[in-house]
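The values are calculated or read from the model by the stated rules, or taken from the named source; none is laboratory data. Remember, it's a predicted structure, so these values are computed and weren't measured experimentally. Note: ideal-geometry Cβ built from the backbone for every residue, glycine included; neighbour counts use all protein chains shown.
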Amino acid sequence: MIKLYEKGVYLLNGTEIIEDDFDAIPALQTKSGQPNINMETAKQGTMAYEILKSHNTSGSMDKLRIKFDKLTSHDITFVGIIQTARASGLEQFPVPYVLTNCHNSLCAVGGTINEDDHMFGLSCAKRYGGIYVPPHQAVIHQYAREMLAAGGNMILGSDSHTRYGALGTMAIGEGGPEIVKQLLSRTYDINMPEVIGIYLTGSPRRGVGPQDVALAIIGAVFANGYVNNKVMEFVGDGIKNLSVDFRIGVDVMTTETTCLSSIWVTDASVKEFYEIHRRPQDYKELAPKAVAYYDGFVTVDLSEIKPMIAMPFHPSNVYTIDDLNANLTDILDEVEKKAIVSLGSKVKYSLKDKIRNGKLYVDQGTIAGCAGGGFENICDATDILDGKYIGTDEFSLSVYPASQPVFMELVKNGSVAKLMSTGATIRTAFCGPCFGAGDVPANNGFSIRHTTRNFPNREGSKITNGQIASVALMDARSIAATAANKGYLTSAEHIDVNYTKPKYFYDSSIYENRVYNGVGKADPSVDLKFGPGIVDWPVMSELTEDMILKVVSVIHDPVTTTDELIPSGETSSYRSNPLGLAEYTLSRKDPAYVGRAKDIQKVEKARIAGEDILSSNAEIKEVYDIISGSFAIDPKTVQVGSTIYAVKPGDGSAREQAASCQKVLGGFANIAKEYATKRYRSNLINWGMLPFLLDGELTFDHGDYLFLKDVKKAVAEKHSEIKAYVVNKGMKEFSLRLGELTDDEREIILSGCLINYYRS
C-alpha cells in the first residue's frame, strides 16, 4: 500500500523510479539523453526547487532567504502579530495580508473580547492596506484556496495547516513572528530543505476519501520522522484520478506529518478550479523536470487504501476501520494503554465501554473546517445519508461548510435540506471543532471527526476538572456511514450508495459584497480600534552575560504538543492579552507551572528594580553561595528565570503563544532532546528564548537550578556548546547545544525578543 525508500530516488520523466546507487547516474545519463546529469543538477529538477529559487533573495540555494507573495492569519493570531509589528515599526502591509475571522467567531468567554479583536482587524486592514474576511464567511484555508492561491506562488500563514500545494502554491505555516518579519519586509531564513517525492498511483476504491489517504500516509511517515521539516512533492499517474477537492483534502493533512510544506503536479483539473473561481490567470502548469532527484521517496497505491480511523490521541495512531471492528477489544485496549502516557492517572479513560453487542458505538460525528468542510466531502456524505436519519439517542452529527460560497451551493443543490432532514445540524464556516470551541462532547464522549487533529483534550474537555473526552479522525464518507447506522462505527466501503457528484458553481458576489479589500489602499489616517482585552506586550530585557534558570517543569512524554504547552479552546479569547493568556500555560499538563514560574519571575523583577534579591530570598541566596564558590558573579547583572524540559516539544499548531506565554512568565529557555517542528523552535527564538538541546541522559530534575556561564558570549561568538551547571548542593557541569542559528536569530536572542531586535 505505502512504501518508503531507504535511499534517495531519481524520477525520470515523471514515471520511472531509479534508486540512488552506483549504477543510477550512468543509467540516467543513457535513458535521459543528458550526459552531464548528476545528483546536484537533478536536485534542481523538483518543483520545490524551482519555486524556492524564484522566491529566494540570498543568492545561495543552500541558505535561503525567502520573501512570500501573500500572507494570511486568523483572529487568534493576527492581533498579536500586528501588535508586534507595530511595536517594531510597521507602516503598511508590503504584500497582500488576509485577516480571517474563523477561530474566535463565536461570542464566548470574555464578553466583547472576540468581536473587539475583529474590529481591531478591520481597522488594521484599512490603515495598513489588508484584506478583512468577517466572521462566518470562510475558514482561513478555504478562503486562501478560493482567493489567494496561485501557481508557483508562496504563501506564509500563522496557522499550521497553511497548505495549498494541490493548487500549485507552496505554503508554510509558521508562528506569528515569522509573519511579522515579512510585514517588515524581512525574510524567512532556512537551509534548503530536503524534498521527498510522494508518488501516487492507482485510483481510490469506492467509499475512500481524502482523509483516508492522508491518514494512511501520516501513519507511515510520522513516527520515523521521514518527512520532518522537509517538502512533500506529490507526483505520479494517480494524481489524475483525484478531483481537486480530493487533492486538497490530502494536502491539508500533510501538516500532521511534520513536513515543512507541500507541492503537487498541476493539470487540467487544477486549471478548471481556477477558472471556476474566476482567476484563470493564476493557474500555472507545474511538474518536475525530465530528471528530478528526491532525498526520499514514498509510493502510495491509492487502490489499496481502505477507510481509515486515527484513534486517540494522534493522527498517526491509525487503523483501517475494518481492522478495528474485527479486533475491537485488542485495539481499544492498546489505545487505552497509550492514553496513560498522555493522561497519567488524572482521569479514568476507557473506550471499551463503547462496545455494545460486539459493535463500537460513537457519540458524535463532525464534518468541518479546512479538512472536512469541502464541497465534495459534504455532497458525498449527503448521498450516503439521503433518506436516512441519525436517530434520537446520544449520537449527533454536525456539518460545517468551509465557506459561504460552498454553503450557498450546498443550499442551491439541495444537500443542506437533505442533511437537515436526517437530523444533522448545519453550521457556518468555523474552525471551532478543530480546537475545542465547538461541539465539545460530553464527559467520556467519543467523537469521530473529519477535522485536522485529535490531540488530548483538543476537543474541549478539561482534564484538570476531571473531564475526558476523545476524538478519532475519519473521512466524511465513513462518518456519514456511521451516522446512517445511528452511531455504529461503519466503513463507507460497506455502504450501498450512488454518488451523484454534483457540479460546483462558485458565487463570487458573496465575497465581493462582504469582504473588505484594502490592498494598495493603506490609509494612515485610520485610527485602530482597541478593545479593553487588547494588551501590549510587556517589556522584555536583553540577554545578560550569565544566567540562572530554575527548572519549573519536566515532561517525559515522547512528544509534547503545543496544545499541551498552551491549551486551545476557551483560552483563544485571551490571545490578544499576553498576560491573561499566560495564566493558562501548561494548565492541562502541569497545572502548578504558572505559580512556580511566577515565583522565580518575582526574583528577576526585583533584580531589574535594583532590589537586593539575596537578602529577600533565602533559596536564591543559597544558589548564589554555591555558584560563588566557583565563579565570581554579581546578582545585579545576572538574569534569573525559568526553563522547562520536554523530550520533544512543539508538535502540532503553529501558535506562537506556546513560546511567548513562557517568556511572559519569565521563561528564558527550553531544553529538549529535539524539537518536533521547526516552527516551534522558531517561536522560541523569536521570543528571545534559548532553544537548548541536551544530548545523553537528563542531568537535572524538576526544582533544580541551572547556571549558564558566559551564555551571551557563546551566542554572539557562535559557540557550538554552552557550559551549564546543575546547582544542587554543589556544581555539576554538563553541556547544552543551541543547534544551528542564523546571524539574525542570534541577534534576536541577544536582544531579548524580535520586538527589541527591530527597535534597535
Checklist line | Criterion (modelled with pLDDT under 95, out of contact with any Gly (no Cβ under 7 Å at 6 or more places or on another chain) and buried (at least 22 other Cβ atoms within 10 Å of the Cβ)) met by exactly one of 441, 433, 405 | finding: 441
Check: Given 660, 628, which one is among the polar types (S, T, N, Q), free of Cβ contacts under 8 Å to residues at least 40 places away in the same chain and not assigned by TED's automatic domain parsing to the domain that holds residue 80?
Finding: 628
Check: How many residues does region 696-723 hold that are surrounded by 14 or more Cβ atoms within 10 Å (Cβ to Cβ), in contact (Cβ under 8 Å) with a residue 24 or more places away in the chain, among the charged types (D, E, K, R) and over 23 Å from residue 590 (Cβ atoms)?
Finding: 3
Next item on the list: List the number of the failed condition for residue 624; all other conditions in (1) over 33 Å from the mean Cα position of the chain (by Cα); (2) more than 22 Å from residue 724 (Cα to Cα) hold.
Entry: (2)
Next item on the list: For residue 480, work out the one condition from (1) in a loop (DSSP other than H, G, I, E, B); (2) modelled with pLDDT of 95 or more; (3) hydrophobic (A, V, I, L, M, F, W, C) it doesn't fulfil.
Entry: (1)
Note to self: Looking at region 424-464 only, could you name the residues that are over 20 Å from residue 318 (Cα atoms) and acidic (Asp, Glu)?
What the structure shows: 439
Note to self: Looking at (1) part of a loop (DSSP other than H, G, I, E, B); (2) in contact with a Lys or Arg (Cβ under 7 Å, 6 or more places away or on another chain), which one does residue 196 not meet, given that it meets all the others?
What the structure shows: (1)
Notebook entry, point to check: Between residues in region 682-695 that are aromatic (Phe, Trp, Tyr) and residues that are in a helix (DSSP H, G or I), which pairs lie under 9 Å by C-beta distance while being six or more apart or on different chains?
Noted result: 687/177; 687/659; 687/660; 687/662; 687/663; 687/664; 687/748; 687/754
Notebook entry, point to check: Going through region 128-157 one residue at a time, which ones are under 18 Å from residue 451 (Cα atoms) and either hydroxyl-bearing (Ser, Thr, Tyr) or in a strand (DSSP E or B) (or both)?
Noted result: 138, 143
Notebook entry, point to check: Consider residue 203 against the criteria (1) under 19 Å from the mean Cα position of the chain (by Cα); (2) of a type outside the set (Asp, Glu); (3) not in a helix (DSSP H, G or I): it satisfies all of them except one. Which criterion is unmet?
Noted result: (1)
Check: In region 31-56, how many are assigned to a loop (DSSP other than H, G, I, E, B), farther than 30 Å from residue 69 by Cα and touching a residue at least 60 places away in the same chain (Cβ under 8 Å)?
Finding: 2
Next item on the list: Could you check residue 46 against (1) closer than 30 Å to residue 577 by Cβ; (2) of a type in the set (Ser, Thr, Tyr); (3) modelled with pLDDT of 90 or more and say which number it fails?
Entry: (1)
Margin query: Being assigned by TED's automatic domain parsing to the domain that holds residue 673, without any contact (Cβ under 8 Å) to a residue 12 or more places away in the chain, assigned to a helix (DSSP H, G or I) and surrounded by fewer than 20 Cβ atoms within 10 Å (Cβ to Cβ): is that true of residue 634 here?
Written below: no
